[in-house]
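K.L.:
I'd like to ask some things about the structure below.
Rule-based calculations on the coordinates, nothing more; no lab input. Source: prediction; values computed, not measured. Ideal geometry is used to build each Cβ from the backbone, glycine not excepted, and the neighbour counts take in all protein chains shown.
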Amino acid sequence: MEESNLIGLSIYEISMAMTNEEMDKFLESIGGLENGYFTDREPIKDCCIFECSNGWFPLIKELIVDLIALGWDKKICQVKEKFGGLRFYINSGSDEMHDRISKAENDSYEICERTGKPGQLRQDIGWHTTLCDEEYQKVLEKRKA
């Protein structure tokens with residue numbers, strides 16, 4: 001889905017898991033992200049920087065597009081899952097940028113990190129993670145085995 005087609009869609013319509021290759025292609029198309037810690041390094045064009053599963057890639061992509069539109073310098077410090085939610089750390093940005101990041105982080109609690117389908121925070125499996133019903137059942141079945 002092209003960035004211009006994302007405007008006005010719900011998080012459920014946007015969130016369909018992307019492959020690593022699709023995210024890498026997107027990062028390449030924007031010239032990559034800048035390392036927020038080591039500014040002398042090459043632009044980051046590999047989704048391996050994201051310490052989360054592919055289900056959140058569309059959410060991250062939409063966030064990046066929106067932040068760039070708000071004037072973000074593309075300097076990223078870390079993107080990861082923590083306590084079942086997305087964390088997106090940048091060096092500096094406007095209040096509007098930080099509000100947009102907070103929105104994406106909050107939205108992540110309704111999107112399965114693995115599949116991108118609607119999900120919910122699961123806290124009863126030994127760790128906090130946001131999963132759809134199907135992925136949650138897989139975890140429960142695996143624990144029984």
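K.L.:
Between rounded, prolate and oblate, where does the chain land on the alpha carbon gyration tensor, with a ≥ b ≥ c its root eigenvalues, rounded for a/c under 1.5, else prolate if a/b exceeds b/c?
P.N.:
prolate
K.L.:
Which of Gly32, Gly85, Gly71 ends up with the largest GNM mean-square fluctuation for the chain, with Cα atoms connected below 10 Å?
P.N.:
Result: Gly71 has the largest fluctuation of those listed.
K.L.:
Within 10 Å of each candidate Cβ there may be at most 15 other Cβ atoms; applying that plus a DSSP loop requirement, which GluC sites (Glu not before Pro) in the range 63-142 survive?
P.N.:
none
K.L.:
Work through the residues other than Asp24 whose Cβ is under 9 Å from its Cβ and net out their charges, Lys, Arg +1 and Asp, Glu -1.
P.N.:
Combined, the nearby Lys, Arg, Asp and Glu give -2.
K.L.:
Please identify the cysteines of the chain that lack any partner cysteine with a Cβ under 4.7 Å from their own Cβ.
P.N.:
So far as the 4.7 Å Cβ criterion goes, Cys47, Cys48, Cys52, Cys77 stand without a partner in the chain.
K.L.:
Would you please classify the overall shape of the range 67-145 from the alpha carbon gyration tensor, given that a ≥ b ≥ c denote the square roots of the eigenvalues, rounded means a/c under 1.5, and beyond that prolate means a/b larger than b/c while oblate covers the rest?
P.N.:
It is prolate, given that a/c is not under 1.5 and a/b is the larger ratio.
K.L.:
Also, quick follow-up: For the chain, what does -39500 (n - 2.57) per DSSP helix run (n ≥ 4), summed and divided by total residues, give at 222 nm, in deg cm²/dmol to the nearest 500?
P.N.:
-10500 deg cm²/dmol
K.L.:
Loop-only check: which trypsin sites (Lys or Arg not before Pro) in the range 37-145 are DSSP coil with at most 14 other Cβ within 10 angstrom?
P.N.:
Of the trypsin sites (Lys or Arg not before Pro), the ones in loops of the range 37-145 whose Cβ has at most 14 other Cβ atoms within 10 Å are Arg41.
K.L.:
Would you mind checking the tilt of helix 57-69 against the longest principal axis of the Cα atoms of the chain, expressed as 0 to 90 degrees and rounded to 10?
P.N.:
Approximately 30 degrees, to the nearest ten.
K.L.:
What distance in nm separates the two pseudo spin-label positions at Glu96 and Ala145, each 7 Å out from Cα along the beta-carbon direction?
P.N.:
Going from the Glu96 label point to the Ala145 one covers 5.0 nm.
K.L.:
Under a 5 Å amide H to amide H cut-off, with H placed in plane at 1.01 Å, what residues pair with Thr130 once short-range neighbours are removed?
P.N.:
Residues meeting the amide H criterion: Glu113, Arg122.
K.L.:
Explain nothing, just compute: Karplus ³J(HN,Hα) = 6.51 cos²θ - 1.76 cosθ + 1.60, θ = phi - 60°, for every residue of the range 107-116 in order, whole Hz, x for Gly and Pro.
P.N.:
Calculated HN-Hα couplings, in order: 4, 4, 6, 10, 10, 4, 5, 8, 10, x Hz.
K.L.:
At most 11 other Cβ atoms within 10 Å plus a DSSP loop assignment makes a site exposed; report the longest stretch of the chain without any exposed chymotrypsin sites (Phe, Trp or Tyr not before Pro). Show your work: numbers first, answer last.
P.N.:
Numbers: sites that count: Tyr37, Phe38, Trp127.
Counting at most 11 other Cβ atoms within 10 Å as exposed, the longest clean stretch of the chain is 39-126.
K.L.:
Another one. Give the relative contact order (percent, whole number) for the chain; include only Cα pairs under 8 Å separated by 6+ residues.
P.N.:
Details: 232 pairs, mean separation 32.3, N = 145.
About 22 percent, as a whole number.
K.L.:
Can you work out the Karplus-derived ³J(HN,Hα) for every residue in the range 75-86? Use 6.51 cos²θ - 1.76 cosθ + 1.60 with θ = phi - 60°, whole Hz, and x for glycine or proline.
P.N.:
7, 10, 9, 6, 10, 7, 9, 8, 6, x, x, 6
K.L.:
Report, in degrees rounded to the nearest 10, the 0 to 90 angle that the Cα long axis of helix 133-144 makes with the longest principal axis of the chain.
P.N.:
Compared with the principal axis, the helix lies near 60 degrees.
K.L.:
For the cross-link pairs Lys45/Lys82; Lys82/Lys142; Lys25/Lys103; Lys103/Lys144; Lys74/Lys117, which exceed 31 Å when the distance is taken from alpha carbon to alpha carbon?
P.N.:
Result: Lys103/Lys144 exceed 31 Å.
K.L.:
Collect residues whose amide H, placed 1.01 Å from N in the peptide plane, falls under 5 Å from the amide H of Lys75; neighbours closer than 5 in sequence don't count.
P.N.:
Glu34
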